[in-house]
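In what follows, a structure is listed as structure tokens, so that the remarks can point back to it.
Rule-based calculations on the coordinates, nothing more; no lab input. Fair warning: this is a prediction, and the values are worked out from it, not measured in the lab. Methodologically, a virtual Cβ is constructed for each residue, glycine included, from the backbone with ideal geometry; neighbour enumeration extends over all protein chains shown.
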Amino acid sequence: MPQLESRPPKGEKPPRNGGDPNFNWRGLVLFAIAIALIGGAFLFKGPYGSPEDISLPTFMKLLQTGQIKSDKPLDLVIQEGQQAKYLRGTYVRGKAPDGQEIVGTFRTPVDLEWNKDLPETLTKAGLEVNPKPESNLLASAIFGFLPFALFLLLIYFFFRQQIRMAGKGALNFGKSKARMLARDKNKITFKDVAGVEEAKDEVQELVEFLKDPKKFQKLGGRIPKGVLMVGPPGTGKTLLARAIAGEADVPFFSISGSDFVEMFVGVGASRVRDMFEQGKKSAPCIIFIDEIDAVGRHRGHGLGGGHDEREQTLNALLVEMDGFDTQEGVIIIAATNRPDVLDPALLRPGRFDRQITVNLPDVKGREEILKVHAKRVKIGEDVDMAVIARGTPGYSGAELANVINEAALLAARKNQKAITLSDLEEARDKVRWGKERRSLAISEKEKENTAYHEAGHALLLELLENTEPLHKVTIIPRGPSLGSTMWLPLEDKYTMRKNELLDNLVVDMGGRVAEEIVFGDVTSGARGDIKMATGLARRMVCEWGMSEKMGMVEYGEHEDYVFLGRDISRQRDYSEATAQQIDAEVKKLCDDAYSRAKELLIKYRDKLEAIAKALLEYETLDGAQIRDIIEHGRMLNPPPASGSGKARKEPPPLNEGATLSPDYPHGLTEAPA
């Protein structure tokens, strides 16, 4: 097979002789030159080469035997600033096999005060003595410093390319790491953003300002300096910021909050200043700071002592945002899902003038998001995205994109030509509740216990008046649970009534109650139910004022996320006696729900048995089949059962549903493994 010729990118020179373009030939040549110069510096010792030190008695013996060469005068060297003197010359060391004399150099220390007759002796021997003062301090300094200078120069040139490739220059730590997305590469517009129509309307004027600034300036209006996008993870905050830049056709600088923080003190502040300088040079433009909570947290809430690099970076950001003028055309857009930890000085008007909330999409928004992501895959003609949208309440845009991708992978494993509705439904359940673990070995005793546990949840969901419709019950392990009971809301819900919450508590208790009624014993499988019920009851008492004894009072400051620095400095705002009353009210709600669940399941024990036996046979039942068992004592449309008792792999039809309120409990009860 012929090899394809790889060409370098446009604007880059191809490597010579097919070598590595990153190989530093210049450094290698300099290395060889440095080695040669250093060697020469050590070998070069003047016109006599490297002399041999001999003593004065040995010199006298050589003089008597005539080995001292008389054709050149002897040097009587006197070193400047020193009392030392020595004779320097040549002598015959011996003869070679061919009869040629082997000549060497010598150096003999002498003291003329002790050897006053030495000059006369040399004159009688026919040797001429030439006094020669010598000053070698400068030469010694040069030859001593030259090797080190050459070595440092070698290090610089040899490693300059490597340092530049690793860190883009050893002195560029203070440069901003913001990456600019050029206009021709940013193809994302508002057409690619769905499900956040209100947020798109709010940022539309930013686009109009970047396109035509004079439209606002002539009326004296001031465009917001900064826009802070707040919302749960995966709702499309970053995508919306890129769409603003793509719609306005301006440069887009993108940087993460963590890119400002470095191991060197002061680097973060320097990068902030450099980022704003780059923005002013490319104005009009957009600077997008993702996850700004990494650098914009409350000042003074850090744990431990010492200088806080994050606070210094935040101070630089505050100064820069307050110092530049929006008439320059630089707009700051930041995104975070933790607005509670941001410093108040960062959120004041004049810095981030506007906060845009990007919430989870409603049923219409989910349908639009699914259609956007479905353009990249092959969808079957009979697939209705509205059905999938109604069955995915509480899903973010990122989760919906994952549903489409998982469905495509599932269809590819089945060698299908297109994605079907059943693939999308299975992908939806996998994204939210985990993949079915059919290979998990479960004993018949545990399987029977799980069947009655889930049957208790399912029966109470259908018996109680203020609960959501049952969607599906399964005793096939999925994710961390051995069995699951799932329900979906019929309509959009943003608040919860007290009766609905009380009925949800009863449903949570159904699994443990069913185990106790049937087996006379309980297992640890209700751990998740207990945690869910306790959390719901405590919120009813402490946050929502649904306890008659405790009244409409909020006990404690409640936030969705924990901010450790603030929580340590904060003290509880109610007494120990009140805390005991709260605990008593929470326990009373849970006990009442347990008693009510026990009463209902004892009354409808026969239906509980029928649902559990059907689950043991088919493993997975949908809401309609459970209702058939309750109303008729049997299923009118039973799922096909295999010889091994495995239920059908296709998930049941979807109930119509919509978004869940943030306070709405998760639509799943489970028996954890």
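For the pair residue 522 and residue 103, the difference between a 0.36 nm per residue extended length and the Cα-Cα distance amounts to 140.1 nm. Annotation: amide H of residue 85 within the under-5 Å range of 110, sequence separation 5 or more or interchain, hydrogens built in the peptide plane. Straightening the chain between residue 92 and residue 497 buys 134.1 nm, computed as 0.36 nm per residue apart minus the Cα-Cα spacing. When a/c is below 1.5 the answer is rounded, else prolate if a/b is larger than b/c, else oblate, so apply that to the stretch 433-472 with a ≥ b ≥ c taken from the square roots of the Cα gyration tensor eigenvalues. Oblate, because a/c is 1.5 or more while a/b does not exceed b/c.
Protection proxy ranking of 601-608, 223-230, by the mean of other Cβ atoms within 10 Å over each peptide's residues and highest first, is 223-230, 601-608. Return the FRET efficiency for the residue pair residue 588, residue 258: r is the Cβ-Cβ distance, R0 is 60 Å, and the value is rounded to the nearest 0.05. Calculated value: 0.80.
Checking the cross-link pairs 375/417; 498/549; 445/472; 414/435 against a 18 Å limit on the alpha carbon distance flags 445/472 as lying beyond it. Between residue 120 and residue 580, the modelled label-to-label distance comes to 12.3 nm, taking each label 7 Å out from Cα in the direction of the beta carbon.
Annotation for residue 354 and residue 58: the two label points, set 7 Å from Cα along the Cα-Cβ direction, are 9.4 nm apart. Put simply, the C-alpha atoms of the stretch 355-431 give a gyration tensor, and the ellipsoid matching it has half-axes of 22, 11, 11 Å, longest first. Of the peptides 625-638, 421-434, the order by per-residue mean of other Cβ atoms within 10 Å, starting with the highest, comes out as 421-434, 625-638.
Taking label points 7 Å from Cα along the Cα-to-Cβ direction, residue 377 and residue 32 give a separation of 6.0 nm. Taking 0.36 nm per residue of sequence separation and removing the Cα-Cα distance, the residue 548/residue 362 pair yields an extension gain of 63.6 nm. In this structure the amide hydrogen of residue 379, modeled in the peptide plane, comes within under 5 Å of the amide hydrogens of 419, none closer than 5 places in sequence on its chain.
If you average the alpha carbon positions of the stretch 466-536 and of the stretch 237-297, how far apart do those two centres end up, in angstrom? Using only Cα atoms to place each centre, the spacing works out to 45 Å. At q = 0.16, 0.25, 0.26 Å⁻¹, what base-10 log of I(q)/I(0) does the Debye formula yield for the stretch 192-263 when every alpha carbon is treated as an equal point scatterer in vacuo? The computed values of log10 I(q)/I(0) come out as -0.67, -1.26, -1.31. Note on the stretch 481-559: with charges restricted to the Cβ of Lys and Arg (+1) and Asp and Glu (-1), its dipole about the Cα centre is near 100 debye. For the stretch 414-485, the gyration tensor built on C-alpha atoms gives an oblate shape. Its axis ratio a/c (a ≥ b ≥ c) is at least 1.5, and a/b is not larger than b/c. Ranked by the mean number of other Cβ atoms within 10 Å of their residues, highest first, the peptides 399-412, 576-589 come out as 399-412, 576-589. Does the stretch 349-397 come out rounded, prolate or oblate, given a ≥ b ≥ c as the square roots of the eigenvalues of its C-alpha gyration tensor, rounded meaning a/c under 1.5 and, failing that, prolate meaning a/b above b/c? Because a/c hits 1.5 or more and a/b exceeds b/c, the stretch 349-397 counts as prolate.
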